[in-house]
Amino acid sequence: MSDYVGRLAPSPTGFVHLGIARTSLVAWLDARRHGGRLLMRIEDIDGPRTVEGAADEILRDLEWLGLDWDGAPTYQSERSDRYRDALARLGAMGRTFPCTCSRREIREASSAPHGPTESTGAVYPGTCRDGARRRPDRTPAIRFRTEPGDRVEHVDAVLGAIDQDVHTEVGDFVLLRADGLWAYQLAVSVDDLEQGVTCVVRGADLFDSTPRQKLIRALLDPNAPDLDSVHVPLVVDAAGQRLAKRHRAQPIRTLGRSPEAIVGWLARSLGLTTEAEIRPAELVSAFDRARLPSSPTALADDA
Ligand code: GLU
Ligand code: ZN
């Protein structure tokens, strides 16, 4: 039995479209090829964006495609205690601080407006780090306090090396939002660590989050196994737009195709087969993560 533990981590904010199906297929193949375990974790911490019933539909759609997982699904919405505990531990290390800045204030104060990450698109300018300019009349968010030296090197199986200075390139990022919602970076790091995940397989849009997650992981458990990753290039539409839930991505169930035809399209788009129709299990023995394409795939008309 291998030590590999992977996970499927869908957010129940919509239905399964080809992009999610493709990433899930790769996660499944990588875990099965390694003889590892694959967990199912529903990432439903974003209450306002969570769609009623979507989690069950996602599970059903992935099963319909021929994917499975080991053990019962876990739900991030039931794990707040773990996130609170991790936040307190990071706080005890001097690694958190409350921040009352609005998005607009951060945008306006930031000297590096093209930072890669936060929803503001800006590197946090450090306004509340020392507390002097914190606004007592506002409910704070809790940020991770980055420090000089918070530099993370990582090699992804598909996208190759990233060498990120989290302090200067990302800045202090949010762990707990002012509205009380747990931030993705904290929840995913805590869960991957506590669930023994050794490899994350997910969309390439999350590649630059990996250094932040490795940073949190190393602080919470210096003995944690190094995190392995496979970032799968996105499926884009004819205009080159990311096939996200917010765009006009079709649910796979409404494409009028059999699961074998959909898996066939996905597998061909990844260079895994030349068959038009195939089941996931038939792809396992020849699967090689090192041969996955590293650039986005455009959605073909015949999909
Ligand atoms: N829940 C995230 C999503 O559906 C994936 C997070 C991850 O794999 O780290 O986009
Ligand atoms: Zn602030």
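Here's a check for you: in the range 133-156, which residue that is in contact with a Leu (Cβ under 7 Å, 6 or more places away or on another chain) and farther than 16 Å from ALA183 by Cα is surrounded by the fewest Cβ atoms within 10 Å (Cβ to Cβ)?
This residue is VAL152.
So which residues in the range 1-51 are among the acidic types (Asp, Glu) and more than 20 Å from ILE262 (Cα to Cα), if there are any at all?
Scanning the range 1-51 gives ASP3, GLU43, ASP44, ASP46.
Could you pull out the residue among LEU67, LEU39, LEU62 that is assigned to a helix (DSSP H, G or I) and either free of Cβ contacts under 8 Å to residues at least 12 places away in the same chain or not aromatic (Phe, Trp, Tyr) (or both)?
Step by step, each of LEU67, LEU39, LEU62 is checked, and only LEU62 is assigned to a helix (DSSP H, G or I) and either free of Cβ contacts under 8 Å to residues at least 12 places away in the same chain or not aromatic (Phe, Trp, Tyr) (or both).
Would you confirm whether or not the range 189-206 contains a residue that is at pLDDT 95 or above, more than 15 Å from ligand 1 (Cβ to nearest atom) and under 17 Å from the mean Cα position of the chain (by Cα)?
Within the range 189-206, one or more residues are at pLDDT 95 or above, more than 15 Å from ligand 1 (Cβ to nearest atom) and under 17 Å from the mean Cα position of the chain (by Cα).
Among the residues of the range 243-250, are any in contact with a helix residue (DSSP H, G or I) (Cβ under 8 Å, 6 or more places away or on another chain), more than 21 Å from ARG82 (Cα to Cα), among the small types (Gly, Ala, Ser) and at pLDDT below 95?
Within the range 243-250, one or more residues are in contact with a helix residue (DSSP H, G or I) (Cβ under 8 Å, 6 or more places away or on another chain), more than 21 Å from ARG82 (Cα to Cα), among the small types (Gly, Ala, Ser) and at pLDDT below 95.
Listed here are the residues, each with its yes/no results for (1) under 15 Å from THR23 (Cα atoms); (2) surrounded by fewer than 20 Cβ atoms within 10 Å (Cβ to Cβ); (3) at pLDDT 95 or above.
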site	(1), (2), (3)
LEU220	no, yes, yes
ALA224	no, yes, yes
ALA238	no, yes, no
ILE278	no, no, yes
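The values are calculated or read from the model by the stated rules, or taken from the named source; none is laboratory data. Just so it is clear, the structure is predicted and the values come from calculations on it, not from any experiment. Backbone-built Cβ (ideal geometry, glycine too); neighbour counts: all protein chains shown.
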